[in-house]
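The values are calculated or read from the model by the stated rules, or taken from the named source; none is laboratory data. None of the values given here were measured: they were computed from a predicted structure. Here the Cβ positions follow ideal geometry from the backbone for every residue, glycine too, while neighbour counts run over all protein chains shown. The accessibility values were calculated without ligands, DNA or RNA, using every heavy atom of the protein model including side chains. Shrake-Rupley method; radii C 1.70, N 1.55, O 1.52, S 1.80 Å.
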Amino acid sequence: MNQVFKTLLRSTVVATGLLTAAGVAAQNSASIGAATFNTEGELLLPEGFREWVFVGAPLTPHGLNNGKAGFPEYHHVYVNPDAFGVYQRTGEFPDGTVIAKELVLLQKGDFEDGSKNAPSGRGFFAGEFQGMDVMVKDSVRFKATNGWGFFNFGHHAPPYIKASRAAAAESCASCHSANAGKGMVFKAYYPVLR
């Protein structure tokens, strides 16, 4: 009788744990996201993105690209924390993920390649904020662009525009699709995403 009771108790504990985990996963999946859209379907500029998870700041300056870099600024890239938590557990960004890319100009350089001297040595250093692009994962809303919508809030100094329509597929989405792989995110350039 004692063995039956122990088996029943263990089964109850395991079942309760599984149900709780499933409930938490469903709740987390449903509540993930920092994207807010207005009634016209425009994405509102994310608030507080500089407090999100910072994943990196790649740089492809003109000085290293014969003066023709497609994106010569630093890209300060942030992911909303709840989506990043799911990514860490699963290796996939869930629907509701928002990736904010703030463009930051280089400080004026002392050398032809745009670099400058600093106490730490010669290098490239961040200057002023100069633009904002955002990716939002929503498999239904952005089915035509592999589940991601791309938004531009201006390539100029803040303040950025308050709301943005999704970019046409041939702009950002086509490059991400052709070059970033299945997940549409350039993970190779961010150690915390590899």
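Highest mean packing first, where packing is the average number of other Cβ atoms within 10 Å per residue, the peptides 54-65, 140-151, 109-120 line up as 140-151, 54-65, 109-120.
When only the Cβ of Lys, Arg, Asp and Glu is charged (+1, +1, -1, -1), the dipole of region 96-194 relative to its Cα centre reaches about 440 debye.
Working from Cα pairs under 8 Å separated by at least six residues, relative contact order for region 109-154 is 27 percent. GLU40 contributes about 110 Å² of solvent-accessible surface, heavy atoms of the protein only, 1.4 Å probe. If the limit is 28 Å between Cα atoms, which of LYS68/LYS162; LYS116/LYS182; LYS137/LYS162; LYS68/LYS187; LYS101/LYS143; LYS162/LYS182 go over it? Those over the limit are LYS68/LYS162; LYS116/LYS182; LYS162/LYS182.
Surface composition of region 68-148: carbon plus sulfur atoms hold 53% of the accessible area, using a 1.4 angstrom probe and ignoring ligands, DNA and RNA.
Given their separation in residues at 0.36 nm each and the Cα-Cα distance between them, TYR189 and ASP113 gain 25.2 nm when the chain is fully extended. Neighbours of VAL79, meaning other residues whose beta-carbon lies under 11 angstrom from its beta-carbon, give a summed charge of +1 when Lys and Arg score +1 and Asp and Glu score -1.
Quick one: net charge around ASN117, please, counting Lys, Arg +1 and Asp, Glu -1 for every other residue with C-beta under 13 Å from its C-beta. Result for the neighbourhood of ASN117: +1. Count Lys and Arg as plus one, Asp and Glu as minus one, and take only other residues whose Cβ is under 12 Å from that of THR60; the net charge is then 0.
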